[in-house]
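The values are calculated or read from the model by the stated rules, or taken from the named source; none is laboratory data. Here the structure is a predicted model, which means the values were calculated and not measured. Heads up, the Cβs are rebuilt from the backbone with ideal geometry, glycines too, and the neighbour counts pull from every protein chain shown.
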Amino acid sequence: MTVEEIKETVSMREVLAQYGVKVGRNGMCCCPIHNEKHPSMKVYDDGYKCFACGSGGDVFRFVQDMEGCDFKQAFTILGGTYEKHSTKTARANSKAHFDRIKKRKQKAEQDEKIFRATLMEGIDICEDLISNNEPLSDKWCLGVRYLAQFWHAFDEKYIRGEAVDELDVLREYRKVKQGRASV
């Protein structure tokens, strides 16, 4: 497909959907380029404009911004070819790319579920240590110390929507789990 053919057949909403971006009825959505919480990106039939980060353009510019690639790569991702190939081949190449994006997104969602479950289990272990041990004992102190840290991480990530050092939380979880068994 040529640049013109891509612009005629691939809508901005289709490309956004491939990246998992949901567009409201008013054409507004959260900008995935700078990962925000409130909609500031307006979606048009043939392009987009983010009023927060200033990004804007057509489907090619969007793919470039999301993938960190140049126009040639974005053109290929969207099914463009420099040789005369069938539209079927170009669409298959584009579909394969978006399938990879979908798998990455599913993996990230699975990792998120696992992290949240681990965090909640850490909170449960700490509460168990506090309620089942003598105040100021080693296990009780361990539970008090890490319970506050787990609740802080939960608040930062799920209430305020801010970044949390997940590796640090997982290290703390291991310490609590080992401490419950050994102390």
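Here are a few things to note about the model shown:
- Residue in the stretch 129-140 that is outside the structural domain of V10 (by TED's automatic domain parsing), more than 16 Å from G179 (Cβ to Cβ) and modelled with pLDDT of 90 or more present: yes
- Matching residues in the stretch 123-150 - criterion: being in a helix (DSSP H, G or I) and without any contact (Cβ under 8 Å) to a residue 24 or more places away in the chain: D124, E127, I130, S131, W140, C141, V144, R145, A148, Q149
- Test: F62 is part of a helix (DSSP H, G or I) and in contact (Cβ under 8 Å) with a residue 60 or more places away in the chain: no
- For the stretch 57-92, a residue qualifies if it is out of contact with any helix residue (DSSP H, G or I) (no Cβ under 6 Å at 6 or more places or on another chain), crowded, with 17+ Cβ neighbours inside 10 Å and modelled with pLDDT under 80, and exactly one does: A90.
- Of all residues in the stretch 6-23, those being over 17 Å from Q64 (Cα atoms) and either modelled with pLDDT of 85 or more or not assigned by TED's automatic domain parsing to the domain that holds K49 (or both) number 2.
- Subset of the stretch 1-31 that is in contact with a His (Cβ under 9 Å, 6 or more places away or on another chain) and touching a residue at least 60 places away in the same chain (Cβ under 8 Å) - its residue that is farthest from V63 (Cα to Cα): M1
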